[in-house]
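Below is one structure, written out as structure tokens; comments come after it.
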Amino acid sequence: MKAWILKAGATSLDDLHLADCDTPVTAPGEVLVRVRACSLNYRDQLIPQGKYMGGTIDRDIVPLSDGAGEVVSIGEGVTRFAIGDRVAGTFFQNWLDGPPNPAAGPALGAPPARGMLAEYVALPENGLVRIAETLSFEQAATLPCAGVTAWNALMEGPRATKAGESVLVLGTGGVSLLALQIAKAAGARVVATSSSDSKLARVQALGADEFINYRTTAQWGPEAARLAGGTGIDHVVEVGGAGTLAQSIQAVGFAGEIALIGVLSRDGDTSPHALMFKGASLRGIFVGSRGMAERLNAFIDTHKIKPVIDRTFAFDEAKQAYAYQASPDLFGKVVIAL
């Protein structure tokens, strides 16, 4: 089979190459998946640069956490899947459900876990879910990281988003657009930000109710609070990180919640002190569990949500896919089809 291999000690995409490898053989409890599509996340830009958690990788790996395909073989003892089932990997292989815990296990696409950017991947049956019936392989491949992250931010935790509440999404990457779609399906009012008026026009077409260009409105946090009726935002999907958190704290309303996801910007004011005056909270989000992925898929089928795919690349164009995903043109998700 063909697989993309990232070399041990990688510091750039120059260390990523296409190779001929043995097709995996399923061990007991494993499922062999013929991968039909993968998608890229911001994390996937950091790993080849040696800037992800733990620094440079200590072994050759197949990259990417997100992939969907069909079951072609099952190992001894497998009961959850049959040949022909349409499945996707879960980001954390051992986090089945419940709150975050220290036994979530390895995350796909970084040592010591396997990655999805190969023609065939063998995974434990507990590390897979059936994909939404209404989605293609390409659409389903956008969900294991970004989709579950957005779902966790809005629909899990102490208070799920409900009709009539307000949601703020930052930018137009995969997590933010999926959060917008989930929020609108839940009946919430969505405020969206971008540095591009043309992208704001596109989020309007997806159902966003209010829009802020953060280049022309430097104090977008108070403006978001105003657009939410002056009382502040109920749920902030904070993907920016240190550079945007202070504005998100200004945007959040009394008893509201900021779902802290972002690592896109590393410098800025991260003091949570201002949350005290509003009784608001800050909840850390690191993707989610298999149960969350299953609930997301059921919600997608119920509400007929279609993830936004910006561009699709062929398998041998993986490096071009990485380059486009890192560009300012990105709107939604980048997919690699096999």
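Just so you know, all these numbers are worked out from the coordinates, no wet-lab data involved. Everything numeric in this text was worked out from a predicted model, so none of it was measured. Don't worry about glycine lacking a Cβ; one is built from the backbone with ideal geometry, like all the others, and counts go over all protein chains shown.
Points worth noting:
- Computed helical MRE - 222 nm, the chain, DSSP H runs ≥ 4 contributing -39500 (n - 2.57), nearest 500: -6500 deg cm²/dmol
- Ellipsoid semi-axes for region 153-204, based on the Cα gyration tensor and the rule √(5λ), read 21, 11, 8 Å when sorted largest first.
- PHE277/ALA205 FRET efficiency (R0 30 Å; Cβ-Cβ; nearest 0.05): 0.25
- Residues LEU227, LEU13 arranged by fewest to most Cβ contacts within 10 Å: LEU13, LEU227
- The ellipsoid that matches the Cα gyration tensor of region 179-251 has semi-axes, each √(5λ) in whole angstrom, of 18, 15, 12, with the longest given first.
- Of the Cα atoms belonging to region 82-212, the radius of gyration and Dmax stand at 16.7, 48 Å.
- Local electrostatic count, LEU330, Cβ distance below 9 Å [Lys/Arg +1, Asp/Glu -1]: 0
- Our note on the geometry: Cα centres of region 1-39 and region 284-298, 24 Å apart.
- Order of MET1, MET155, MET116 under a 10 Å beta carbon neighbour criterion, fewest first: MET1, MET155, MET116
- Pair ASP20, THR270: separation of 7 Å Cα→Cβ label points (nm): 4.8 nm
- When +1 charges are put on Lys and Arg Cβ atoms and -1 charges on Asp and Glu Cβ atoms, the dipole computed for the chain relative to its Cα centre reaches about 620 debye.
- All distinct Cα pairs of region 81-147 go into the 1/r average, and the inverse of that average, the Kirkwood radius, is 12.8 Å.
- Under 14 Å, Cβ to Cβ, from PHE254 - net charge with Lys/Arg +1 and Asp/Glu -1: -1
- Taking the square roots of 5 times each eigenvalue of the Cα gyration tensor of the chain, largest first, gives ellipsoid semi-axes of 34, 21, 18 Å.
- Based on the convex hull around the alpha carbon atoms, region 123-164 presents an average projected area of 4.4 nm².
- Each Lys and Arg Cβ is given +1 and each Asp and Glu Cβ -1; about its Cα centre, region 167-326 then shows a dipole of about 180 debye.
- Under 5 Å from the amide H of SER281 lie the amide H atoms of GLY256, GLU257, ILE258, each residue being 5 or more positions distant or on a separate chain, with H modelled from the backbone and absent for Pro and chain starts.
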